[in-house]
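Report on one structure; see the data block that follows.
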Amino acid sequence: MPASFPRTLADQLRGWPDERVARLLRERPDLAAPAPQDSSQLASRAGTRASVMRAVDRLSHLELAVLDAVVALGGSPSADAVHAVLRAEPGHVTPALDRLRDLVLVWGEDDGLRVPGTVTEVVGTRLSGLGPPVTTLLAAYGPARVTALVRQLGLTPSGDRHRDVAAVADRLAQRETVDRLLAEVDEPARAIVRHLQAEGRDGVVESTDASTQRGPGGPVDQLLARGLLVARDRRHVAVPREVAICLRGGRTTRDPVDVPPDVATAPRDAALVDRTAAGAAFELVHHVELLLEHWGTRPPSALRSGGLGVRDLKAAAELLHVEPRAAGVLVEVARDAGLVAVGSGAEGEPLWLPTDAFDAWSAAPPADRWTVLAEAWLGSPRLVGLVGGRDRDPAGAGARGKPVNALSPDLERGWLPETRRTVLGELAALPRGSVLASGTGVASLVERMAWLRPRRPSERSVAVGWTVEEATLLGVCALGGLAAHGRALLGEDPERDVPPVLAPLLPAPVDHVLVQADLTAIAPGPLEQELARRLATVADVESRGGATVYRFTESSVRRAFDSGWSAAEVHELVGSASRTPVPQALQYLVDDVSRRFGTIRAGAVESFLRSDDEAALAELVHDPRAAALRLRRIAPTVVVSDVPLDVLLPRLRGMGAAPVVEAPDGTVRLPRREVLRARTPRPAPEHGGAAADPRATARLAARAAATVTAVRAGDRAAATRPAPGLRAAEPTSPAATLAVLREAAEEQVSVWIGYVDGHGSTVERVVDPVRVEAGWLSAYDHRTEDVRTFAVHRITAVRPLPAS
């Protein structure tokens, strides 16, 4: 073994340059939380099962095949040997092997590659379907049976079981030997061994002992005698890994592993894709704003499980004129963006309310608002496509579980953000002017994703289709292609922000409507925000789309009066906003509602009605529809009722009256809807590791660099740790410790210290003493790269280090 060959993974990490260690921590961020003490702890953490599974789940089919080959060859195979057993071009294998090394799933030099033991357990040879090696299978054989197999292969028994097993393994790894042994058996035996190696599973027999019931020299007996099959137990046989590789022509896989499936594409004008996606982006912003403004006055209840009820989701869909599935995506995106959260109502009941951040978001330009929503969706781990379906019922196969509600906490999938970015990355890789082919494009993208991330769970295939569907709904994609602002969202060009790309594509807001004779107003485009808000107060939205249709009704005009508007203000709004003459029918409608508005006043007796119009009160008392209101006239201008005011008012308005509430002092009280807000939740932890957005990537890089500094400081502390036999000679009294520290501060040399922290744990640090006074040491800590203070009485040992 060369002198430079690392003995352990920790030794290799110590020899890596800082940039390569930082790259490892960026690719596997779980290794840096919390910061490891030194390279030994980093290597130990990199070999834990949970960390290995996270890293392996992000490997492509080619990278898994390379890792599979290293495991299958066993021992410390060379890089050349790995190239030789793979059905792939060398130019493709080398980068894959380099990435495995960067992830420390493989370590060592080219002439001796090794894998952590956990990788063998997690990955094994599942991809290639190879069975166990001969050395493992022969562990169940007795000495006599091993000796018989040695002789059958033309070898001389050595009397040492381990040496004989190794000799059998070497012989069965030779293709000429396997070819010769296959030629010695009959055709049924050859068919059996080829079938088992192709299926990659064990065979079941009546008995693995030689039996006359099968006839002398039966197919299984022929294969067992020559080691082409090895008995696992009395009923099961397996093809040794060495034999299976020979049967595959010296390769670990039967098919090429470096050819990813192509994505089916079709030509499409890129400008059309951008404009269509921009229209969807504008609709997203408008829908979220409209929904949350509605929830600010009429919030839905939050379920005890934390989700949104099915009826409330359907009500949101009806409000926005979209399908419930699309409404589910909208409310989930609003939640991920921190615009909606669970708050408390007047009686403390849990409600879904807009947050404080919604007010600031509403005041921003549309392109900025869309960017907030799109970035929240891209980084969200919530699998929204499950909303409306049913979860898996553990009670039994085929049983239907509980419905999956929007905003439910059960939707999180840690792998989803990286999957979304990978899917959009594949769309971004398509040539400009190419989009997914209609009908086959999504299916081909699913196949490609299965190649890129073969270890993803079974939900991956549907998640790919849902990602494309949601991206289209949100305006990231359109017509099967990624829009220009979608590419900017992925951060491929750090100097290109999303809002400047999207803003020119958005439709310009209009400042007018077209009022029709049928009491409707048509907005020929997206209205200015203030105009849209004021118009929604006085008219109902009848339909949405490229042109929004508003309808003026008696109830909608009365809603404006209930909000404190006067008839003159309604006329002024309609007259100034309309590019067409205001029809007389609309003017009459406003004046008629204004004339009747407030002619009847309501109070509490439980409640009372008062009006100077005696005929109006008489008509109301004798109206058959008012029988259930139990109205009683106590004066020509006063009627009382035992029905509560909050019940009486909507019933009177349903009968066509327009009462207003009278305060105790006789003034008119105009009710205004209380706008409720929830506290903005704290940002959720970032998902996806290296697949995070550019800003998260920058934070991850800074954290990785700081961790590398800490690890290097820990390595230096470990290298200078005194030997156990010398620790008794270290100063143990505070006076001796102070003397060494003061001397080091004067001579400006580094020292190694053992220190008991606030949690009672002993840590080691390399520090440069600056000042020692009043029982405290001020020193530059090489681990944190900052000046820190240490209590001298907590220092357990100290030793000066030689100047470097």
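The values are calculated or read from the model by the stated rules, or taken from the named source; none is laboratory data. Just so it is clear, the model here is predicted, and its values are computed rather than measured. Methodologically, a virtual Cβ is constructed for each residue, glycine included, from the backbone with ideal geometry; neighbour enumeration extends over all protein chains shown. Quick note on the areas: whole protein, heavy atoms, side chains included, nothing else; ligands and nucleic acids left out. Shrake-Rupley method; radii C 1.70, N 1.55, O 1.52, S 1.80 Å.
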- Task: Under 6 Å between Cβ atoms, at least 6 apart or on separate chains: pull out the pairs that start in the stretch 119-131 with a residue that is over 20 Å from THR48 (Cβ atoms) and end on any residue that is surrounded by fewer than 20 Cβ atoms within 10 Å (Cβ to Cβ) and modelled with pLDDT under 85.
- Result: GLY129/GLY200
- Odd one out for HIS759 among (1) surrounded by 12 or more Cβ atoms within 10 Å (Cβ to Cβ); (2) closer than 18 Å to PRO36 by Cα: (1)
- Evaluate the following for SER4: is it modelled with pLDDT under 90 and either basic (Lys, Arg) or open to solvent by 10 Å² or more (accessible area, probe 1.4 Å) (or both)? yes
- Note on the structure: Listed by first then second residue, the pairs whose first member lies in the stretch 752-775 and is on the phi > 0 side of the Ramachandran plot, whose partner is part of a strand (DSSP E or B), with beta carbons under 9 Å and at least 6 positions apart or on separate chains, are GLY775/ALA791
- Within the stretch 784-798, track down each residue that is open to solvent by 20 Å² or more (accessible area, probe 1.4 Å), over 13 Å from ALA745 (Cβ atoms) and either at pLDDT 85 or above or part of a loop (DSSP other than H, G, I, E, B) (or both). THR784, GLU785, ARG788, THR789, HIS793, ARG794, THR796
- Task: Scan the stretch 615-645 residue by residue and report those that are part of a helix (DSSP H, G or I), buried (at least 16 other Cβ atoms within 10 Å of the Cβ) and within 60 Å of the chain's Cα centre (by Cα).
- Result: ALA626, LEU629, LEU645
- Out of (1) among the aliphatic types (A, V, I, L, M); (2) more than 21 Å from THR147 (Cα to Cα); (3) surrounded by 20 or more Cβ atoms within 10 Å (Cβ to Cβ), the odd one out for ALA270 is which? (3)
- Message: What's the total number of residues in the stretch 407-420 that are open to solvent by 30 Å² or more (accessible area, probe 1.4 Å), in contact with a helix residue (DSSP H, G or I) (Cβ under 9 Å, 6 or more places away or on another chain) and either over 30 Å from ARG311 (Cα atoms) or not in a helix (DSSP H, G or I) (or both)?
- Response: 3
- Take the stretch 141-183 and flag every residue that is of a type in the set (A, V, I, L, M, F, W, C), over 53 Å from the mean Cα position of the chain (by Cα) and open to solvent by 30 Å² or more (accessible area, probe 1.4 Å). ALA144, ALA148, LEU155, ALA183
- Quick one: which residue in VAL423, VAL501, VAL468, VAL464 is over 21 Å from the mean Cα position of the chain (by Cα) and either at pLDDT 85 or above or assigned to a helix (DSSP H, G or I) (or both)? VAL501
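Residue by residue, here is whether (1) in a loop (DSSP other than H, G, I, E, B); (2) small (Gly, Ala, Ser) holds:
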site	(1), (2)
LEU224	no, no
CYS246	no, no
GLY249	yes, yes
THR253	yes, no
PRO256	yes, no
VAL259	yes, no
- Residues in the stretch 120-133 that are surrounded by 13 or more Cβ atoms within 10 Å (Cβ to Cβ) and not in a loop (DSSP other than H, G, I, E, B): how many? 2
- Are there any pairs with C-beta distances below 8 angstrom linking a residue in the stretch 477-492 that is within 14 Å of GLU426 (Cα to Cα) and of a type in the set (A, V, I, L, M, F, W, C) to a residue that is assigned to a loop (DSSP other than H, G, I, E, B) and open to solvent by 20 Å² or more (accessible area, probe 1.4 Å), with the two at least 6 apart or on different chains, and if so which? LEU482/LEU430
- Residue count for the stretch 189-213, restricted to those that are surrounded by 12 or more Cβ atoms within 10 Å (Cβ to Cβ) and among the polar types (S, T, N, Q): 4
- Does VAL538 meet the test of being in contact with a Gly (Cβ under 7 Å, 6 or more places away or on another chain) and in contact (Cβ under 8 Å) with a residue 12 or more places away in the chain? no
- Task: Would you check which residues across the stretch 319-356 are surrounded by fewer than 20 Cβ atoms within 10 Å (Cβ to Cβ), touching a helix residue (DSSP H, G or I) at 6+ places or on another chain (Cβ under 9 Å) and without any contact (Cβ under 8 Å) to a residue 60 or more places away in the chain and list them?
- Result: LEU319, VAL322, GLU323
- Task: Counting only residues that are over 26 Å from the mean Cα position of the chain (by Cα), give me the helices (runs of 4 or more DSSP H) lying completely in the stretch 1-107 with at least 1 of them.
- Result: 9-15, 18-27, 39-46, 61-73, 79-85, 90-102
- Query: Do we have LEU648 as modelled with pLDDT under 90, open to solvent by less than 70 Å² (accessible area, probe 1.4 Å) and touching a strand residue (DSSP E or B) at 6+ places or on another chain (Cβ under 6 Å) here?
  - Reply: yes
- Message: Any residue at all in the stretch 314-330 that's hydrophobic (A, V, I, L, M, F, W, C) and in contact with a strand residue (DSSP E or B) (Cβ under 6 Å, 6 or more places away or on another chain)?
- Response: no
- Item | Flag if LEU339 is within 25 Å of the chain's Cα centre (by Cα), of a type outside the set (Gly, Ala, Ser) and closer than 23 Å to LEU506 by Cβ | yes
- Task: Kindly indicate the residue of the stretch 531-578 that is in a loop (DSSP other than H, G, I, E, B) and modelled with pLDDT under 90 and also most open to solvent (accessible area, probe 1.4 Å) among those meeting that condition.
- Result: GLY546
- Task: Could you tell me whether ASP186 is among the acidic types (Asp, Glu), more than 23 Å from THR252 (Cβ to Cβ), surrounded by 17 or more Cβ atoms within 10 Å (Cβ to Cβ) and modelled with pLDDT of 85 or more?
- Result: no
- Task: Only residues in the stretch 170-198 that are of a type in the set (S, T, N, Q) count as the first member; pair them with residues that are open to solvent by 20 Å² or more (accessible area, probe 1.4 Å), Cβ under 6 angstrom, at least 6 apart or cross-chain, and list the lot.
- Result: THR177/ARG171; GLN197/LEU247
- Filtered residues of the stretch 7-55 (kept if of a type in the set (A, V, I, L, M), surrounded by fewer than 19 Cβ atoms within 10 Å (Cβ to Cβ) and touching a residue at least 40 places away in the same chain (Cβ under 8 Å)): MET53
- Considering residues of the stretch 290-310 that are assigned to a helix (DSSP H, G or I) and at pLDDT 90 or above only, the residue most open to solvent (accessible area, probe 1.4 Å): VAL310
